[in-house]
1. Could you please give the count of residues in the range B:298-327 that are part of a helix (DSSP H, G or I) and buried (at least 19 other Cβ atoms within 10 Å of the Cβ)?
2. Here is a list of conditions, (1) in a helix (DSSP H, G or I); (2) within 8 Å of chain B (Cβ to nearest Cβ); (3) farther than 23 Å from residue A:326 by Cα, and residue A:270 meets all of them except one; can you say which number that is?
3. Can you name every residue in the range A:209-230 that is touching a residue at least 40 places away in the same chain (Cβ under 8 Å) and away from every other protein chain (no Cβ under 13 Å)?
4. Quick check on my filter: what residues within the range B:58-74 are out of contact with any strand residue (DSSP E or B) (no Cβ under 7 Å at 6 or more places or on another chain) and within 17 Å of residue B:16 (Cβ to Cβ)?
5. Hey, residue B:30 hits all of (1) touching a helix residue (DSSP H, G or I) at 6+ places or on another chain (Cβ under 7 Å); (2) surrounded by fewer than 20 Cβ atoms within 10 Å (Cβ to Cβ) but one; which does it fall short on?
6. Has the range A:138-153 got at least one residue that is assigned by the TED database to the domain that holds residue A:348 and within 30 Å of residue B:243 (Cβ to Cβ)?
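The values are calculated or read from the model by the stated rules, or taken from the named source; none is laboratory data. Everything numeric here is computed off the predicted structure, so don't read it as measured data. Every residue, glycine among them, receives a Cβ derived from its backbone with ideal geometry; neighbour counts consider all protein chains shown.
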């Protein structure tokens with residue numbers, strides 16, 4: 001009996017791969033060749049090739065943003081609440097492209113890929129990537145797909161930074177920039193949390209300087225700790241309180257170090273364990289570095305408005321009240337710079353209890369706002 | 001040439017040790033014997049024995065709160081800004097007692113002490129301690145010193161929790177309770193950060209189930225990570241921003257994982273390294289557990305006012321505006337419960353940029369407030 005997908009689902013999707021032999025020159029001074037990007041598309045490119053939307057993913061995201069890879073897949077893509085027929089990113093109107101970034105661990109060229117120079121996995125020898133590098137690779141993918149201009153580039157968190165970079169790197173190729181729960185650059189505290197995560201991985205004896213694959217091991221402890229720290233920063237204090245409070249796992253306290261006393265401990269351990277079994281440690285390092293390095297204002301002595309002067313896109317910024325990783329104030333910095341630069345910008349601060357994670361969740365007011373903005377875009 | 005100490009310094013101090021052979025029954029159901037407490041005293045006990053103040057330390061603190069152990073000691077005790085002749089905790093008027101808690105690693109019986117049952121260091125076999133256990137041991141120290149009632153018990157953070165517990169466990173033995181930057185119990189987020197620190201230590205291969213001493217190693221990586229995470233939560237985002245911003249270590253970015261790019265990274269690594277060389281991993285686990293378990297309202301179905309009904313002390317609560325570990329709202333919970341219980345309470349929220357760390361720093365308004373409250377205490 002064939003599975004029937006919901007009417008507003010994009011249904012079954014098949015990832016595709018784009019290969020590139022031309023070397024990609026990177027910000028770090030090195031270049032990458034050959035390289036490939038894994039991506040998915042939803043909806044249909046119109047004859048004018050004007051209705052394409054690019055989805056950029058965040059730290060641990062990938063190309064599988066909507067629909068299902070198999071009929072028996074338990075969970076749909078990571079942004080399925082937003083992408084589909086009749087959903088805010090409406091696949092009846094738009095042709096949606098979602099890719100796995102370079103350096104990732106879901107099929108695009110990354111640290112686990114074979115380094116042609118050595119015949120072994122790159123491991124820690126994979127070049128450090130920046131947001132600019134990713135946007136450059138995405139532009140080459142757009143060329144390959146025959147898309148000279150995106151109707152919109154959309155992303156949350158690190159994905160929002162890529163959307164912003166698109167408006168600076170390729171002002172002619174993006175009509176709308178939608179940056180959700182983003183920041184113009186990391187704060188010292190943001191960098192500090194990333195540094196803890198990196199040190200957890202780098203000091204794991206199973207990391208082997210990034211060449212753990214050759215040793216047949218995985219730095220699970222480091223990845224687990226990195227994810228645990230990350231998770232705390234994704235949730236608001238309130239959201240954690242509401243979800244777990246001081247709920248105990250059992251009636252009685254154990255008074256030892258190994259037992260799980262509180263539900264929040266068991267949640268974090270589970271999240272960390274699960275992540276360490278599926279994510280690449282070198283990719284995690286690389287993603288945190290891309291976050292740290294992102295600082296578009298740096299090219300204009302810290303003046304973001306001057307950097308954004310070249311932009312031609314219309315901008316839509318959104319933030320969430322309880323997000324303490326990239327709080328509303330960080331989005332307002334971007335909005336202020338855009339206004340100073342005389343750009344067209346909409347900004348919405350959404351009342352949500354879920355913290356930074358809110359950008360991934362089906363919060364009605366958020367979906368309505370996104371829907372309303374995208375309704376106003378001519379495909 | 002003899003060193004001359006500042007006029008408001010307690011000068012040279014010598015730690016003392018109190019030995020106890022009587023077993024101490026603990027909340028976990030086990031008991032400890034023999035045990036000892038290392039402590040220091042500053043000032044002189046008056047003939048009425050009524051001018052004694054107890055200082056309780058926080059997570060990584062110890063008995064050395066003021067003065068110098070040697071003439072060439074570089075830094076004085078951890079709360080030297082508050083304790084001394086003419087300082088807020090004025091040693092011309094008060095006899096100040098400061099101890100290292102049980103389970104500590106600065107001389108009091110703890111995980112690194114010899115377990116008489118095995119002839120080896122306790123390691124992870126040292127019993128888990130609670131705030132109630134500490135207060136009980138402190139009461140036995142008070143007996144030993146002939147102090148039947150403290151003029152005040154004072155502490156910040158975990159130390160403030162001990163001060164609060166004193167007012168509940170021994171209502172007749174404490175006239176004033178001064179709890180600074182404290183909380184009535186940890187939030188889920190607080191517990192989550194502690195859990196990350198514990199997992200960092202527990203999963204360090206050099207931890208050896210807590211018996212690293214017998215192996216001649218120290219779980220330095222775990223301790224380092226635990227301290228790094230802790231440090232982020234001690235500082236406000238603003239304080240970190242002001243201290244480090246996005247300051248780079250060198251002019252050029254290195255684009256690798258090992259180099260220190262930003263000053264905040266180097267600060268955290270240094271703090272972590274330094275701490276891992278001097279602190280005991282089992283003590284760290286134990287201190288975080290004592291924090292997690294602290295929940296005085298639990299004895300009265302979550303009603304803190306009911307638990308505090310027995311208290312006879314006057315209370316002074318203080319908090320700092322940018323403290324996000326134990327924010328002002330957590331102190332206000334205690335204040336509200338005290339008011340509902342009809343107790344005498346003063347509360348001051350101090351405008352300070354330093355986050356949780358503020359309670360250790362010589363912030364003028366803070367020192368003035370403490371001074372003013374203690375001036376009002378009859379010795």
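1. 3
2. (2)
3. The answer is A:212, A:213, A:214, A:218.
4. Those that are out of contact with any strand residue (DSSP E or B) (no Cβ under 7 Å at 6 or more places or on another chain) and within 17 Å of residue B:16 (Cβ to Cβ): B:62, B:69, B:70.
5. Here residue B:30 meets the rest and fails (1).
6. No, because not a single residue in the range A:138-153 is assigned by the TED database to the domain that holds residue A:348 and within 30 Å of residue B:243 (Cβ to Cβ).
Conditions tested, residue by residue: (1) surrounded by fewer than 24 Cβ atoms within 10 Å (Cβ to Cβ); (2) within 14 Å of chain A (Cβ to nearest Cβ); (3) in a helix (DSSP H, G or I); (4) without any contact (Cβ under 8 Å) to a residue 12 or more places away in the chain.
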{"site": "B:162", "(1), (2), (3), (4)": "no, no, yes, no"}
{"site": "B:167", "(1), (2), (3), (4)": "no, no, yes, no"}
{"site": "B:172", "(1), (2), (3), (4)": "yes, no, yes, no"}
{"site": "B:178", "(1), (2), (3), (4)": "no, no, no, no"}
{"site": "B:182", "(1), (2), (3), (4)": "no, no, no, no"}
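This table checks each residue for (1) part of a loop (DSSP other than H, G, I, E, B); (2) closer than 25 Å to residue A:277 by Cα; (3) free of Cβ contacts under 8 Å to residues at least 12 places away in the same chain.
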site: A:54; (1), (2), (3): no, no, no
site: A:65; (1), (2), (3): yes, yes, no
site: A:75; (1), (2), (3): yes, yes, yes
site: A:87; (1), (2), (3): yes, no, no
site: A:92; (1), (2), (3): yes, no, no
site: A:102; (1), (2), (3): yes, yes, no
site: A:107; (1), (2), (3): yes, yes, no
site: A:110; (1), (2), (3): yes, yes, no
